[in-house]
Amino acid sequence: MAIRNVVCLLLFAPALFAQLSPRPADAVLPVVGSTRGQSNANFRTELQLSNPSETTIAGWLYLRPHGAVRHFELAPHTTLSFADVVAELGASGLGSLDFLLERGRVPAVVARAYDDQPTGTTGATIPLVRAEEILGRNDFASLVVPRDLVRYRFNAGVRTFGEGATLEIVTRAADGTERHRRIAAYGEHHFEQQSGSAFAGVALHADDAIEVFVRAGAAIVYGSAVDNQTNDSSVQVLMR
């Protein structure tokens, strides 16, 4: 049965992608991954979906920009889990994961990005962003750069939606002095993760703040600090 479902999904994939792609997400995991990283990191994302309600929840997981999809259905009070959700969707690398509902409410979601090593795992919880929490025009928020840029590496990511986004990005020193300002425009449903300095447009200093103003469109912006020795990580997600 599982093989038949996969074959059917592959046969009808182009039509399915065309149907799902324009739909606005009900909720988004800003970043998920199944990829190698610096310091011998082996990053994975485990995902749990749980239905606390008395009615069935059904919908689609849509991995962008890969275009990989997976239908899910949760009977009342049941839980579905993935040890490596990106790989189980048949993809690799980094992306963001949309939840597109057919029935019911957004499920309870627990997502953890982790470095998988023989001695154990280290990682961080990735918060779910609901549609009403996504930064829109005239919204603003701030990423905080780690206090130690020797011990930690810092990356920043952007996910846009159907209208793309124009962001004004202002970097300030710990004392509030403006260090750099730039405008960045992104197309629709764009996803990227890069170094924090590349995102800011200037070499970052410890304790800098990166202020993000949405001038047009809508976007999720996040920051990730990773320990260079242990690959333990923390995640900041900007939302309303």
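Read-outs: derived from the displayed coordinates by stated rules, not from any lab. Please read all numbers here as calculations on a predicted model, not as lab measurements. Ideal geometry is used to build each Cβ from the backbone, glycine not excepted, and the neighbour counts take in all protein chains shown.
Among the GluC sites (Glu not before Pro) in the stretch 31-89, which ones are in a DSSP loop with at most 10 other Cβ atoms within 10 Å of the Cβ? Mind listing them? Could the numbers behind the result be given before it?
On the way: sites: Glu46, Glu54, Glu73, Glu88; in loops: Glu54.
Answer by residue number: Glu54.
For the chain, modelled as a Gaussian network with Cα springs under 10 Å, which listed residue fluctuates most, Asp98, Asp115, Asp227?
Asp227
What is the magnitude of the charge dipole of the stretch 134-238 about its Cα centre, with +1 placed on the Cβ of each Lys and Arg, -1 on the Cβ of each Asp and Glu, and no other charges, expressed in debye to the nearest 20? Spell out each step's value before the answer.
On the way: 10 positive and 13 negative charges, 28 e Å.
That gives the stretch 134-238 a dipole magnitude of about 140 debye.
Spelling out what I want: for every residue of the stretch 200-209, take phi, set θ = phi - 60°, compute 6.51 cos²θ - 1.76 cosθ + 1.60 (Karplus), and round to whole Hz; glycine and proline get x.
Each residue's phi maps through the Karplus curve to give 6, x, 7, 5, 6, 10, 4, 6, 4, 10 Hz.
Tell me whether the chain comes out rounded, prolate or oblate; compute the Cα gyration tensor, take square roots of the eigenvalues as a ≥ b ≥ c, and use a/c under 1.5 as the rounded threshold. Present the calculation step by step, with values, prior to reporting the outcome.
Numbers: a/c = 2.01, a/b = 1.47, b/c = 1.37.
Prolate, since a/c reaches 1.5 and a/b exceeds b/c.
Pull up all non-local amide H partners of His190: gap of 5 or more, or a different chain, and H-to-H distance under 5 Å with H placed in the peptide plane.
Distant-sequence amide H within range of His190: Thr160, Phe161.
Using helices alone, I'd like the mean residue ellipticity at 222 nm for the chain: each DSSP H run of four-plus residues gives -39500 (n - 2.57), total over residue count, nearest 500. Walk me through the intermediate numbers first.
On the way: 4 runs with 27 residues, N = 240.
Rounded to the nearest 500, it is -3000 deg cm²/dmol.
Using the Karplus curve 6.51 cos²θ - 1.76 cosθ + 1.60 with θ = phi - 60°, work out ³J(HN,Hα) for each residue of the stretch 175-180 in order, rounded to whole Hz, and write x for Gly and Pro.
Couplings: 8, x, 5, 6, 9, 6 Hz.
Which of the three applies to the stretch 110-217, rounded, prolate or oblate, going by the alpha-carbon gyration tensor with a ≥ b ≥ c and a/c under 1.5 meaning rounded?
Details: a/c = 2.06, a/b = 1.15, b/c = 1.79.
Taking the square roots of the gyration eigenvalues as a ≥ b ≥ c, the stretch 110-217 is oblate.
So if I place +1 on the C-beta of Lys and Arg and -1 on the C-beta of Asp and Glu, and nothing else carries charge, what would the dipole magnitude of the chain be about its Cα centre? I want it in debye, nearest 20.
On the way: 21 positive and 25 negative charges, 63 e Å.
Roughly 300 debye, rounded to the nearest 20.
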